[in-house]
1. Counting only other chains, what is the mean number of Cβ atoms within 10 angstrom of the Cβ of each residue in peptide B:90-102?
2. How large is the translational diffusion coefficient of region A:6-105 in µm² per second when you combine the Kirkwood radius over alpha carbon pairs with Stokes-Einstein at 4 °C and 1.567 mPa s?
3. Can you give the percent of C-alpha pairs in the protein assembly as shown whose distance is more than 36 Å?
4. Could you give the dipole magnitude of the protein assembly as shown about its Cα centre, charging the beta-carbon of Lys and Arg +1 and that of Asp and Glu -1, in debye to the nearest 20?
5. Please identify the trypsin sites (Lys or Arg not before Pro) of region A:171-207 that satisfy two criteria: DSSP loop assignment and at most 10 other Cβ atoms within 10 Å. Which are they?
6. Under 10 Å, Cα contacts only: if you run a Gaussian network model on chain B, which one of B:THR90, B:THR180, B:THR195 comes out with the highest mean-square fluctuation?
7. Put +1 on the Cβ of each Lys and Arg and -1 on the Cβ of each Asp and Glu in chain A; which of A:PHE223, A:SER111, A:MET149 then has its Cα farthest toward the positive end of the dipole?
8. I want to check the label-to-label distance for A:VAL235 and B:THR120. Put each point 7 Å from Cα in the C-beta direction and report it in nm to one decimal.
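The values are calculated or read from the model by the stated rules, or taken from the named source; none is laboratory data. Remember, it's a predicted structure, so these values are computed and weren't measured experimentally. Please note: Cβ atoms are built from the backbone with ideal geometry, for glycine as well, and neighbour counts cover all protein chains shown. Ligands, DNA and RNA are excluded from the accessible area calculation, which covers all protein heavy atoms including side chains. Shrake-Rupley method; radii C 1.70, N 1.55, O 1.52, S 1.80 Å.
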Amino acid sequence: MLHLLDVRCKFLMMCLVSMSMLSAQVFACFFYFLVLLFFFKKTGLNIFATLNSIKYFILFLFFIFAARALALKGDSLFSFYGLSVTKQGLNDGFLVAFRFFLVMLTGLLFSSTTKPSSVKSAVQWFLKPVPFVPEKRVAVMISLSLSFMPVILKQAKEVSEAQKARCGDLQKNPIKRIIRLVLPLLKKTFLSADYLVLAMESRCYSDDRTDPEFTPSGKEFFFFAGSVVLSLSLVCL
Amino acid sequence: MTKNIIDINAICHTFADGYIGLKNISVSISKGEFIILAGKNGSGKTTFLRHLNGLLLPDSGVIFVKGLDVSKHLVQTRKTVGMVFQDADTQIVGDTVFDEVAFGLENLKVKRAEINKKVTLILEDLNLFHLKDRSPSTLSGGEKRKLAIAGILVMDPEVIVFDEPFSNLDYPGTIQVLSTIIDLNRSGHTIIIATHDVETVICEATRIIMMEDGQIKKDGTPDCIVKHLESFGVRQPCSSKFGMGLQPWLS
Amino acid sequence: MNNSKQLKMTVYTSLFVAFIAIGAFISIPIGPVPIVLQNMFVLLAAIILGPVWGLACVAIYLLIGLAGLPVFAGGTSGIGKLFGPTGGYLLGYLPCVFVTAGISKGLGKKMSSDIIAMVIGSLIIYAAGVPWLKVVTAMTYGKALAVGMYPFLIGDVLKIIAAAFIAKTLRPVIKL
């Protein structure tokens, strides 16, 4: 359902709802959490696997929660070692952490229902009215860097294994360790980048290219109206 | 001009650092030929190939592709002569198989509907259609090489140039790529393959050009050339060594 | 700038976008805090690509992350991360890359000028990141510095020295 929606519409919906989250109150947050759960269920995503993938972020949220709870002044609930936990702090910390959590989940829902290549097309479309930005070249650069990433990761693994095979992990000097990992990696990839430049030239690369295509599913208006209503109610609740 | 698809007239190329790449090369290639460009590493094969596609321009001499001077008609040349590079990983631009094949057509500003039609056709032809949404980095070696061929083929080239197409491929991968190349030749494409391992393709070839030190040393049919291969640092195929003539690599 | 040179810069810049994204995942275990290489790649992008392409590089990286592709630390992305507690560091990359590249170029691409440029660049990242962290978590400045800057300083010094060596070796190889 969300998979088929036009990526531009989905992107706007995500921005709208995320913005409105910033001024949502606790009740609205719970309400939106339920809405999100519904969509996660609908799209067949495993919520626990998703939570697992952002476990460090959740840890960070606990940290914000604790920091806020300790830092804000108000009615002290209990105190230890001279630090006092306040009621206002707890409430405020919970709300801020909850909002970040929900914005994060919204983003995950978006990225797990959208192909990277259509994200790229959407970026190109949104950049079009921005002056001085060659949006088509930006789109090409996005796909280039996306295709470089797995190649670099694979090479990083090879480089570090080749060094382990020669007892490179006995090296204690951290500067040398950084250089020995990064330098061969950069050299290797820049060399292959030179080949890529040739390959692109031989395929007639030009900045003046065919526009990407979008395939609206026809339900965009419905969904977009829905997200406007949702955002408004999140702000007002 | 002549009916030759490529005419090369006394080209020389010296690199910026003074290294001499090509010395006075003249050769003509006619439509439908299957040429092996053999020679050891550093003999100038790759430099020669890059001239065919206009990636390098000669210091002196001229190259005509379909009667047009390459240095003045770069886009036209690159549409006629497609080039498949040695390392498939480094020539992949797109983040999905479909986008990768569409790249060349997007550069030429072909209409989107036509791009979709052509790319689909090519992917089906090469038996890659079921992979169209995959990321190229997750494909096997043979599939990657075929994807690189598809990316060239979609631009309707008449000549396809391969630089070491079989390096780093396993046996099934080599079979996949070889049979693709043979099919291309049968459907009328002119094929030029640079390699230092001629065994895989020698039976399909119509002509072998031997290079050494940036010069063409021998030029003729596989039967004539095969006995001279080793004096230029290229291994002679087993079957020929043992007096059985040239045997096809694909059974 | 001719076409071929421009295409080369386009490809190199994309390559650095990929390195910055991957830098969030490559870490070298030294002592209790593993050294994450991301900010080193930002600094390298600055001194190798120069101000304009360097800025484009970081901007595209942030754009990709903002648009929901998983390129931020921990495999995350999106508005939540960019405006989250550590978002200041990410946005700080923008002025950092520009200033670092400018200083390195202005002082003439020597190793000593690279080091000065990168030290200033790193400080800019913290100047953006720490106040942001303070606002989001409502900590005092003292605490925000203790959590968001001091533990990383030793690693930063190591990374800057390494980056200076790397840049010195790399420049003749990639001939820009």
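1. So the per-residue partner count for this stretch is 6.
2. Taking Rh from Cα pairs, D becomes 86 µm²/s.
3. Numbers: 106451 of 220116 pairs.
Roughly 48 percent, rounded to a whole number.
4. Values: 66 positive and 46 negative charges, 314 e Å.
Approximately 1500 debye in magnitude.
5. Sparse-neighbourhood loop trypsin sites (Lys or Arg not before Pro): A:LYS172.
6. Maximum fluctuation in the GNM of chain B, among the listed residues, is at B:THR90.
7. The residue sitting most towards the positive pole is A:MET149.
8. Using points 7 Å along Cα→Cβ, the separation is 4.3 nm.
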